[in-house]
Amino acid sequence: MKELKQSIMVFVVMTVLTGLLYPMILTGAAQVLFPHQADGSLVMQNREVVGSHLIGQSFTSAKYFNSRPSSISYNAADSGASNLGPTSQQLITEVKNRVQKLRAFNKLPSDSPVPADLVLGSASGLDPDITVQSALLQISRIAKIRCIPPSSLKALIKRNTIHSFLGWGITRVNVLKLNLDLRKIHSHCSHG
C-alpha cells in the first residue's frame with residue numbers, strides 16, 4: 001500500500017510539473033523573450049493578419065511570385081507530403097505536368113531548366129520560401145504583366161533574400177514578404 005501511495009504521489013507531482021508548470025513557464029518565457037515568434041510569426045497589414053512568415057500560401061496569379069506546390073494546400077493542420085516515392089509513376093507524371101505548366105505560364109522554352117522547388121512539394125507542404133533562382137525565373141512574366149522594369153524586380157528579390165546562417169541552409173526568398181513588397185511597387189503601364 002505504501003508503494004501505491006508513493007506511485008500516485010509521484011504521478012501527481014510529475015503531472016503538475018511536466019503537464020502544467022513546465023509548459024506555462026516556457027510559454028511565458030517565449031512571450032516575454034520572443035513575442036513575435038511565440039505568436040506564430042504573423043504578418044500584419046492594415047491591422048489584419050495576412051499570413052505567417054513560417055507557413056506558405058498559394059500564390060497562383062500571374063501578377064505575383066508563385067509558391068512551391070503543396071500537396072495539402074498549405075493547411076497547417078494537415079502538414080505532410082504526398083508520400084509518393086521517387087519511382088512512383090504518379091509523382092513522375094505530376095512533376096512532368098507541373099514542369100510543362102510552369103514553362104507555359106512563364107513563357108519559357110520547352111527545354112529550359114526548371115528549379116526543383118517550383119515543381120516538387122516539400123516534406124511538410126508548408127514551406128513559405130522559394131530559392132532565389134525560382135524567384136528570378138518569374139521576373140519576366142511579372143514585369144510584363146505589371147509593367148515594372150525587371151531591374152526593379154531583381155532589386156526587390158535582393159532585398160527579400162534570406163541568406164544561409166553560417167553556411168547552413170540555402171539562400172531563399174519568403175514568397176509572402178516578396179509579394180507584399182511587390183504590391184508597393186507602382187506599375188509603369190499607361191492606362192487609357
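Hey, of (i) 16.0, 49; (ii) 22.7, 90; (iii) 18.4, 61, which did the structure itself give for Rg and Dmax of the Cα atoms in Å when calculated? Identified label for the calculated read-out: (ii). Out of ILE142, LEU102, ILE55, whose Cα points farthest toward the positive end of the dipole of the range 54-184 (charges: +1 Lys, Arg; -1 Asp, Glu; placed on Cβ)? Selected residue: ILE142. Do the alpha carbons of any pairs in LYS96/LYS154; LYS63/LYS107; LYS101/LYS144 sit beyond 22 Å of each other, and which pairs? Violating the 22 Å limit, Cα to Cα: LYS96/LYS154.
Rounded to the nearest 10 degrees, the angle from helix 22-33 to the longest Cα principal axis of the chain is 40 degrees.
Placing R0 at 30 angstrom, the Cβ-Cβ distance between ASP181 and LEU26 gives a FRET efficiency of 0.35 after rounding to 0.05.
Maximal additional length on extending the TRP168-GLN37 stretch stands at 45.1 nm, based on 0.36 nm per residue less the C-alpha distance. The gain in end-to-end length when the VAL49 to GLN6 segment is fully stretched comes to 10.5 nm, 0.36 nm per residue minus the alpha carbon separation. Between helix 175-184 and the chain there is an angle of about 50 degrees, using the helix long axis and the longest principal axis of the Cα atoms.
Assign unit charges at the C-beta atoms only (+1 for Lys and Arg, -1 for Asp and Glu), then state the dipole size of the range 69-177 relative to its Cα centre in Debye, rounded to the nearest 20.
Numbers: 13 positive and 6 negative charges, 129 e Å.
Value, rounded to 20: 620 debye.
Quick check: net charge around LEU120, other residues with Cβ under 9 Å of its Cβ, Lys/Arg +1 and Asp/Glu -1? Net of charged neighbours comes to +1.
The sum of -39500 (n - 2.57) across all DSSP H runs of n ≥ 4, divided by the residue count of the chain, sets its helix-only mean residue ellipticity at 222 nm to -12500 deg cm²/dmol.
The relative contact order of the chain comes to 20 percent, based on Cα pairs under 8 Å that sit 6 or more residues apart.
In summary, the lysines within cross-link reach of LYS158, defined as a Cα separation below 18 angstrom excluding same-chain residues under 8 places away, comprise LYS177, LYS184.
Values in this text are rule-based calculations from the coordinates and carry no lab data. This one's a predicted model, so the numbers in the text were calculated from it and none came from an experiment. Cβ atoms come from the backbone with ideal geometry, glycine included; neighbour counts cover every protein chain shown.
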